[in-house]
Each structure stands twice: as C-alpha cells, then as structure tokens.
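**Student:** Dropping a structure here in structure tokens format, bear with me for questions.
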Amino acid sequence: MKSPRRIACTAAALLFSFFAIHAHPQEPQPVAPATPTPSSQSPASPATPQNAQGPKIVVPVNLVIVPVTVKDKSGRLVPDLHKEEFRIFEDDVEQTVDRFIVEAFPLSMVVLVDNDLKQRDGNQVEASLRAIVAGMSVKDEAFICRFDQYFHEGKGFSTDQDKLLTELKRTRLDMESSAPPSGGPFEGPAINNQPAPGAPNVPASMRVIKGQITKTLDDAVYNAALLLKDRGRDRRKIILLISDGQNGAKFNTYSYKNTIEVLLRYGVSVYSIAAGNAYFDRKFSRLVDYAHDSGGDVYFGVKHATFEQLYSRVTEEARNQYTLAYSPRGTDRGKDYHSIEVRVTREGLNILTRQGYYSGAAPR
C-alpha cells in the first residue's frame, strides 16, 4: 500500500504537469522543473517538500483539460467515480483519458452582480452578498463587479477575505423601482430625452429608454471572462452571476455567441444564481444557457437565506470537480472549434461540463 507521502507527491506531480502546458491546446509551452506550486494540492492538504533540482517532466503540448461535475438525481455531488467509468468524445470521436485527477482546485472568481434588480429582489441579494466569503477557502481569490447598462469593475482580485468582506458590505445596488416610469423616456423630468436642467441626477442603471430593457448581460459576462483569462492554469476560473436574467439585446456590444466563445476559449465557467421570478419565466433562460454551455450550473434564489446557502454550494461544486485530460486523436486539427461530450458508465447520473473548446489564437 502506498504511503500518504508518496500519494501526495504523485498527485502534486500530476497537477504540475497539467499546468506546465499552454492555455490553448495548439500553443507549445516551455517545460518547467517539477517543483509543485502551493495550489498543486487540495486547500486542506499540507505542502510537500521537494528538491529544487528535481527532474523535468515532458508532457504532450496538445493536452486538452476538461473539468467535469457529476451529480446524482437528487443534485448531490458524486465523489467516488474512477477513471475507467468515464468516456470522452471530441467531435464525436472517442478519446483516451490520459490524465485523471480528483484533487480540489483553488478558485479565481468574478462575482458579477446585477445592479438593476427589482426592489424586493435587490434587497435580498444585497443583504446576502457578504455570505459569499463564507464559502471561500484561503487560496480562493475573488473580484467584485456589478453591471446594468454598463459593466462596473471592482478593485481587482484579492485572496484577503477581510478586504473582500468589507467590499461586499459596502456594495449598494441601484435597484429598479417597481413603479412605472414617468416623465418621458427617462425617469424624472426630461427634455428631448435628456434630464431637464435642475432635475436630480439619475444613475444610468435606473434609466428606462422607451420601456425597453437596457441591461447588457452579455457584455457583462464577456468582460468578466476577460478578467479571468490570464489567471493561473492551476485554478478553476468561474463567474458567479447573480441576476434576474433580463438582457437588452439591442444595447449589447457582444452577442451570446461572442460571449460563449470567449468563455470556452479561456476555460471560464458560469455559475448562475437566478433572482426573483427567473425560475418561473422562460425569458430568463440566458442564465441557464450560459451555465449549461460553459460547464457551470444554475440555481434559483427565492429569499435571503436561500442566496446565502447557494453561494457555498457553488464554490464547493466548482472547486471539487473531476479533471480529465486527453491528447486529441482522429479529429481535424485544422478546425478552430471542437465539441466535447463526456459520459459515465454508471447509470442515473448527471454530467456538467463545457460543450467544447477553441484551439486557435483568439481573434484580434
């Protein structure tokens, strides 16, 4: 039987070999010494000393890495699957799983909060935000952002939970009034569709243009993905999207297709928490689509306590995924996009993973 020390060293070496390769499967990377980084182990595991002059590990430069979440019919995570129970297909061609890891990964997370919720929904979300920190490990990092008609960046990534807690406590949402707008196309007195002289300054998030939804959800997710694209390869990159799902398509610069491409290209998963009536209205399916196509998940919040519980579920799920990796065989390597399908031989399980990946360089 292998000793705990030998098992830990083996896991660390495998993890390091994953992240010595490139972020995009067709770009070779230099091979680094086999010295594990602190994030090569589970957050709860102690660091394992290694010789600084250890051997070099050579790995295939076209290895495709696929995080996978598996749940049972009750929505509980399934932690006891083995490599032999997985099958993976690229462009409908079955591949061989070359690497299989079940270690927990630290998170790089953009918390993306809808700044234009209905009053009651906004109050519940605002009161719950500080609970996000409770679901983070000491190695997780977060970036707090908001969106309405525009994308509002926060203060950057931080692993300091006290600083993040302070920032979340100070987050105030510009909530939408439930009363119908008056005084013209913009709320408040207006002349030629502009605020009248002397009228109070109305935040952009509170403006209603001819009764249209002006929130740019697609643009917000696109910009959040760009914040994550350069985070470490030894981290799970996720967007925690808290929204009612409303999206003003005419006001977005980027389409859904554009945004999904950037998510898949940089390995970012969206975990949506639907606020308000999103569960009951199909027009809020944007939240479901982003989660499904990027390999994330979607939850529905109804009240303050529900949101607090969901934050911890999201971080636990994102951190504890199976990691499959393979070198593509038998597919057209000249294509930019490749579809992915993961199956398990055990019956009655639900699989969450990204729908594909882009292998070429990002368009300029």
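The values are calculated or read from the model by the stated rules, or taken from the named source; none is laboratory data. These numbers come from a predicted model, not from an experiment. Methodologically, a virtual Cβ is constructed for each residue, glycine included, from the backbone with ideal geometry; neighbour enumeration extends over all protein chains shown. Just so you know, the surface numbers come from the protein's heavy atoms only, side chains and all, with ligands and any DNA or RNA stripped out. Shrake-Rupley method; radii C 1.70, N 1.55, O 1.52, S 1.80 Å.
**Student:** Report, by residue number, each residue of the range 301-340 that is in a helix (DSSP H, G or I) and open to solvent by less than 60 Å² (accessible area, probe 1.4 Å).
**Tutor:** First pass over the range 301-340, keeping only residues in a helix (DSSP H, G or I): 304-319.
If the condition is that a residue be in a helix (DSSP H, G or I) and open to solvent by less than 60 Å² (accessible area, probe 1.4 Å), then ALA305, THR306, PHE307, LEU310, TYR311, SER312, VAL314, THR315, GLU317, ALA318, ARG319 are the ones that fit.
**Student:** Follow-up. Restricting attention to the range 232-263, and to residues there that are over 24 Å from GLY276 (Cβ atoms) and of a type in the set (D, E, K, R), which single residue is most open to solvent (accessible area, probe 1.4 Å)?
**Tutor:** My answer is LYS257.
**Student:** Would you please list the contacts, defined by Cβ atoms under 7 Å and residues six or more apart or on different chains, that run from a residue in the range 258-270 that is among the charged types (D, E, K, R) to a residue that is at pLDDT below 95 and open to solvent by 20 Å² or more (accessible area, probe 1.4 Å)?
**Tutor:** As it stands, the answer is GLU261/TYR358; ARG265/TYR358; ARG265/ALA362, since those pairs meet every condition given.
**Student:** If you don't mind, there's one more thing I want to ask. State all residues of the range 121-143 that are within 21 Å of the chain's Cα centre (by Cα) and polar (S, T, N, Q); if no residue qualifies, say none. Don't jump to the end; show me each part of the working.
**Tutor:** Residues of the range 121-143 within 21 Å of the chain's Cα centre (by Cα): 125-126, 128-143.
Passing the criteria: SER128, SER137.
**Student:** Further question: Here are some residues: LEU226, LEU264, LEU240. Which one is of a type in the set (A, V, I, L, M), at pLDDT 90 or above, under 18 Å from the mean Cα position of the chain (by Cα) and in a strand (DSSP E or B)? Talk me through it step by step, then tell me what you get.
**Tutor:** Values: LEU226 fails: in a strand (DSSP E or B); LEU264 fails: in a strand (DSSP E or B).
It is LEU240.
**Student:** Can you pull out the residues in the range 97-120 that are within 15 Å of the chain's Cα centre (by Cα) and hydrophobic (A, V, I, L, M, F, W, C)? Walk me through how you get there before you give the answer.
**Tutor:** In the first step, residues of the range 97-120 are kept if they are within 15 Å of the chain's Cα centre (by Cα); the result is 105-113.
Those that are within 15 Å of the chain's Cα centre (by Cα) and hydrophobic (A, V, I, L, M, F, W, C): PHE105, LEU107, MET109, VAL110, VAL111, LEU112, VAL113.
**Student:** Now for a separate question. Across the range 144-177, what is the number of residues that are part of a loop (DSSP other than H, G, I, E, B), at pLDDT 90 or above and of a type in the set (D, E, K, R)? Don't jump to the end; show me each part of the working.
**Tutor:** Step one: of the range 144-177, the residues part of a loop (DSSP other than H, G, I, E, B) are 148-150, 153-157, 159-160, 170-175, 177.
Now drop any that are not at pLDDT 90 or above, which leaves 148-150, 153-157, 159-160.
Restricting the remaining residues to those that are of a type in the set (D, E, K, R) gives 148, 153, 155, 160.
Here the count works out to 4.
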